[in-house]
Amino acid sequence: MKDSRVGITFRETMKGGFALGETDPAAGEKRGKQEGTILTMHAAIEIPDLRAFIADARHGGRISGEVSFSPLEENIPAKTGIFQLFSPAEDPRMKSMVYELLFETGGTRYYLAGRKEVRNDPGLDLWTDTTTLFTKLHKGADKTAPVAGAGILTLGSDDLARLVSTMHATGAGSAEEATKAVLEFGHFFLGELWDSYLGKGKTS
């Protein structure tokens with residue numbers, strides 16, 4: 001890639017049981033499924049500069065999207081937030097995938113903070129780790145605000161196929177450069193998975 005400003009965009013949809021009044025994601029997921037309250041997050045991810053993204057240890061990008069949750073409202077726009085892919089965590093055996101969105105409905109601001117925990121555990125639990133988002137809903141402008149609800153969002157196999165189909169390069173000067181950018185992002189993603197599950201530090 002000659003142009004360091006070549007980037008990547010993709011869209012990701014995750015959904016799952018979610019309940020107001022819960023602070024623990026597992027409890028919120030269980031109650032949400034029992035009561036039929038499902039939260040759906042449609043996220044649009046933008047990585048404006050792929051080379052800079054890979055070089056940065058936090059691997060941060062831009063995120064926007066929509067949140068649908070029947071106790072609040074459907075298709076609530078979220079124009080800003082935080083996205084990090086394979087960001088280092090306090091536990092050296094774990095990396096985090098962070099999805100956070102700020103939105104407003106009914107005159108109240110909410111902050112949806114989700115985290116995928118990619119752990120170097122015995123056994124190959126790659127699918128579960130990379131498709132499970134432990135999520136809390138904060139009533140306020142960031143995740144320091146009180147927790148108003150919680151649940152677990154997941155990415156199904158159909159959703160994963162759609163994610164891959166939405167992956168595109170931006171700022172590329174040619175189709176060849178665009179293809180190289182997508183392949184480089186894929187190589188980075190798979191390389192991080194390899195390091196997390198089968199690379200150095202793997203325990204058994």
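If the Cβ limit is 6 Å and pairs must be 6+ apart or interchain, which residue in the stretch 39-57 that is closer than 26 Å to Leu137 by Cβ pairs with which residue that is part of a strand (DSSP E or B) and of a type in the set (Lys, Arg)?
Short answer, once both residue conditions are applied: Thr40/Lys15; Ala44/Arg11; Glu46/Arg62.
If a residue has to be closer than 10 Å to Arg58 by Cα and of a type in the set (Gly, Ala, Ser) to count, how many in the stretch 74-88 make the cut? Write out each step before concluding.
Taking the stretch 74-88 as the starting set, the residues that turn out to be closer than 10 Å to Arg58 by Cα are 83-88.
Now narrow it down to the ones that are of a type in the set (Gly, Ala, Ser): 87.
Matching residues across the stretch 74-88 total 1.
Residue by residue through the stretch 169-189, note down the ones that are loosely packed, with under 15 Cβ neighbours inside 10 Å and under 17 Å from the mean Cα position of the chain (by Cα). Walk me through how you get there before you give the answer.
First pass over the stretch 169-189, keeping only residues loosely packed, with under 15 Cβ neighbours inside 10 Å: 173-176, 179, 183, 186-187, 189.
If the condition is that a residue be loosely packed, with under 15 Cβ neighbours inside 10 Å and under 17 Å from the mean Cα position of the chain (by Cα), then Gly186, Phe189 are the ones that fit.
With the requirement that a residue be outside any loop (DSSP other than H, G, I, E, B), open to solvent by 10 Å² or more (accessible area, probe 1.4 Å) and within 18 Å of Phe188 (Cβ to Cβ), what does the stretch 24-62 give you? First the steps, then the outcome.
The first filter runs over the stretch 24-62 and keeps only residues outside any loop (DSSP other than H, G, I, E, B), leaving 25-35, 38-47, 50-55, 60-62.
Imposing the further condition that a residue be open to solvent by 10 Å² or more (accessible area, probe 1.4 Å) reduces the set to 25-27, 29-31, 33-35, 38, 40, 42, 44, 46, 51-52, 54-55, 60-62.
Matches in the stretch 24-62: Glu46, Arg51, Ala52, Ile54, Ala55, Gly60, Gly61, Arg62.
If a residue has to be open to solvent by 50 Å² or more (accessible area, probe 1.4 Å) and more than 21 Å from Lys95 (Cβ to Cβ) to count, how many in the stretch 148-162 make the cut? Steps first, please.
First, the residues of the stretch 148-162 that are open to solvent by 50 Å² or more (accessible area, probe 1.4 Å): 154, 157-158, 160-162.
Then keep just the ones that are more than 21 Å from Lys95 (Cβ to Cβ); that gives 157-158, 161-162.
Looking only at that region, the number is 4.
Please work out if Glu12 is in contact with a strand residue (DSSP E or B) (Cβ under 8 Å, 6 or more places away or on another chain), open to solvent by 10 Å² or more (accessible area, probe 1.4 Å) and in contact (Cβ under 8 Å) with a residue 12 or more places away in the chain.
On the way: in contact with a strand residue (DSSP E or B) (Cβ under 8 Å, 6 or more places away or on another chain): yes; open to solvent by 10 Å² or more (accessible area, probe 1.4 Å): no; in contact (Cβ under 8 Å) with a residue 12 or more places away in the chain: yes.
For Glu12, the condition - in contact with a strand residue (DSSP E or B) (Cβ under 8 Å, 6 or more places away or on another chain), open to solvent by 10 Å² or more (accessible area, probe 1.4 Å) and in contact (Cβ under 8 Å) with a residue 12 or more places away in the chain - is not met.
In the stretch 61-78, which residues are touching a Leu at 6+ places or on another chain (Cβ under 8 Å) and either small (Gly, Ala, Ser) or closer than 17 Å to Gly114 by Cβ (or both)?
Step one: of the stretch 61-78, the residues touching a Leu at 6+ places or on another chain (Cβ under 8 Å) are 61, 63-65, 67-69, 71, 78.
Of everything in the stretch 61-78, those that are touching a Leu at 6+ places or on another chain (Cβ under 8 Å) and either small (Gly, Ala, Ser) or closer than 17 Å to Gly114 by Cβ (or both) turn out to be Gly61, Ile63, Ser64, Gly65, Val67, Ser68, Phe69, Ala78.
Report, by residue number, each residue of the stretch 135-146 that is of a type in the set (A, V, I, L, M, F, W, C) and closer than 20 Å to Met97 by Cβ. Can you show your working first?
First pass over the stretch 135-146, keeping only residues of a type in the set (A, V, I, L, M, F, W, C): 137, 141, 145.
Passing the criteria: only Leu137.
Going by what's in this entry, would Thr135 be described as within 15 Å of the chain's Cα centre (by Cα), modelled with pLDDT under 95 and surrounded by 15 or more Cβ atoms within 10 Å (Cβ to Cβ)?
Here the answer is no, as Thr135 does not meet what is asked.
Any residue in the stretch 155-176 that is free of Cβ contacts under 8 Å to residues at least 60 places away in the same chain sitting within a Cβ distance under 8 Å of a residue that is part of a helix (DSSP H, G or I) and of a type in the set (Ser, Thr, Tyr)? List the pairs, counting only those 6 or more apart or interchain.
Gly156/Thr131; Leu160/Thr131
With respect to the numbered conditions (1) modelled with pLDDT of 95 or more; (2) in contact with a Pro (Cβ under 9 Å, 6 or more places away or on another chain); (3) among the small types (Gly, Ala, Ser), which one is the sole condition not fulfilled by Gly36?
(2)
The values are calculated or read from the model by the stated rules, or taken from the named source; none is laboratory data. The structure displayed is predicted, hence computed values, not measured ones. Ideal geometry is used to build each Cβ from the backbone, glycine not excepted, and the neighbour counts take in all protein chains shown. Each accessible area value is taken on the protein alone, full model and side chains, heavy atoms only, with ligands, DNA and RNA left out. Shrake-Rupley method; radii C 1.70, N 1.55, O 1.52, S 1.80 Å.
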